[in-house]
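What follows is a single structure, written as structure tokens, with notes after it.
The values are calculated or read from the model by the stated rules, or taken from the named source; none is laboratory data. Just so you know, these numbers come straight off a predicted model, no measurement behind them. Cβ coordinates were reconstructed from backbone atoms using ideal geometry, including for glycine residues, and neighbour counts include every protein chain displayed. In case anyone asks, the SASA skips ligands and DNA or RNA and just uses the protein heavy atoms, side chains included. Shrake-Rupley method; radii C 1.70, N 1.55, O 1.52, S 1.80 Å.
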Amino acid sequence: MKLLKALACTSLLAAATFAAPAVAQERIALVVKSLGNGFFDAAARGAEAAAAEIGGIEVIYTGPTSASAEGQIEIVNSLIAQNVDAIAISANDPDALVPVLQRAMDRGIKVLSWDSGVAEEGRMLHLNPSDTALIGETIIKLAADYLPDGGDVAILSASSTATNQNAWIAAAEEALPTMFPNINLVAVVYGDDDSVKSTNEALGLLQTYPDLDAIIAPTTVGVVAAAQVVTDEGLIGQVNVTGLALPSEFKQFIDNGASQAVALWNPIDLGYSAVYLAHALVGGQEAAPGATFGIGSVGEVTLDDSTSAAMAAPFTFDASNIEEFSQIY
Ligand code: RAM
């Protein structure tokens, strides 16, 4: 018995003496459009999971308080001063960030964009959550599926310079005449991924277009604001709210009937993949067209001619499955 105890003590001591110190050798900054957005918090959880899996990585989760390019430029400047190893950014503007990100790359910092892209000259690669044309079609289809005779819809977007929303809206506009000829897009307004501004913009749409059939918000912040407005204004059953929503935040509006269905991809996987890509760049992998990157348990992605890659198709949530997904993200 004594001997066993002694052995146990020895091995504990050995473990204490020889265990590798938990020092992060690599610092990856996950720069988001704005803090306080549940979508990005979920992505940050994925980023932390990837860092833990790879080991030796510190994730610096940061972003401005409001979704502006100016706020992100300030943050990137401070990350350059801290000499981080990589910056993975979801950008509030495709062009405004280019000079500061070029400066980061000149200093040897690896730069990629994810979710919302930066122009090619401002990053090494970009990771889209899904195919842009498919997202554009999906957001219109989500409304059209519940308007068999057609109708008037309006889009409540994020900021007017957001790369991802602007690309999805352009794709939606392209799909409309051919795929959805009886759906009439009457307006596009911008809530800046800010709850108060999104609420006011949604109210404005209802006042300006009293016959509106649906509000499509391709932003997790805007879609919640719009559904709350439709609920508060007593318009459930009259105006269907749809778009891209985080199930955990949006379930209540499927439950109360303000929305029939919404879609999204897995934000945890997106943040997870961004860290894997950043780590590969830090390790020296080249971001050339055709290059394939492993992204842990998510699989792999191959860069296209614009050094961009896309993940999975968007997934639809309705009364049949939102409860299940609301437990995850
Ligand atoms: C908001 C942000 C983000 C977008 C999602 C769908 O959280 O605008 O960039 O991808 O919505």
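So the values come out like this:
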item: Looking only at the stretch 239-257, and only at residues there that are under 20 Å from Ala158 (Cα atoms) and open to solvent by 10 Å² or more (accessible area, probe 1.4 Å), the one that is farthest from the ligand (Cβ to nearest atom); result: Asn240
item: Qualifying positions in the stretch 270-322 - of a type in the set (Asp, Glu) and more than 21 Å from the chain's Cα centre (by Cα); result: Glu286, Asp305
item: Residue tally, condition hydroxyl-bearing (Ser, Thr, Tyr) and more than 14 Å from the ligand (Cβ to nearest atom), over the stretch 64-79; result: 2
item: Among residues of the stretch 194-224, those that are over 21 Å from Asn166 (Cβ atoms) and assigned to a loop (DSSP other than H, G, I, E, B), counted; result: 5
item: Candidates Ala175, Ala227 - the one that is touching a residue at least 40 places away in the same chain (Cβ under 8 Å) and part of a helix (DSSP H, G or I); result: Ala175
item: Gln260 in contact with a strand residue (DSSP E or B) (Cβ under 7 Å, 6 or more places away or on another chain), open to solvent by 50 Å² or more (accessible area, probe 1.4 Å) and assigned by TED's automatic domain parsing to the domain that holds Gly204; result: yes
item: Where a residue in the stretch 274-290 is closer than 12 Å to Ile54 by Cα and its partner, wherever it lies, is part of a loop (DSSP other than H, G, I, E, B), with Cβ under 7 Å and at least six apart; result: Tyr276/Ile295; Leu277/Ile295
item: Filter pass, Val153 being part of a loop (DSSP other than H, G, I, E, B) and either open to solvent by less than 20 Å² (accessible area, probe 1.4 Å) or of a type in the set (A, V, I, L, M) (or both); result: no
item: Search result, residues across the stretch 275-329 that are in a helix (DSSP H, G or I) and either open to solvent by less than 30 Å² (accessible area, probe 1.4 Å) or among the basic types (Lys, Arg) (or both); result: Val275, Leu277, Ala278, Ala280, Leu281, Ile322, Ser326
item: Failed item, numbered, when Ala214 is tested on (1) of a type outside the set (Val, Ile, Thr); (2) open to solvent by 20 Å² or more (accessible area, probe 1.4 Å); (3) away from the ligand (no atom under 15 Å from the Cβ); result: (2)
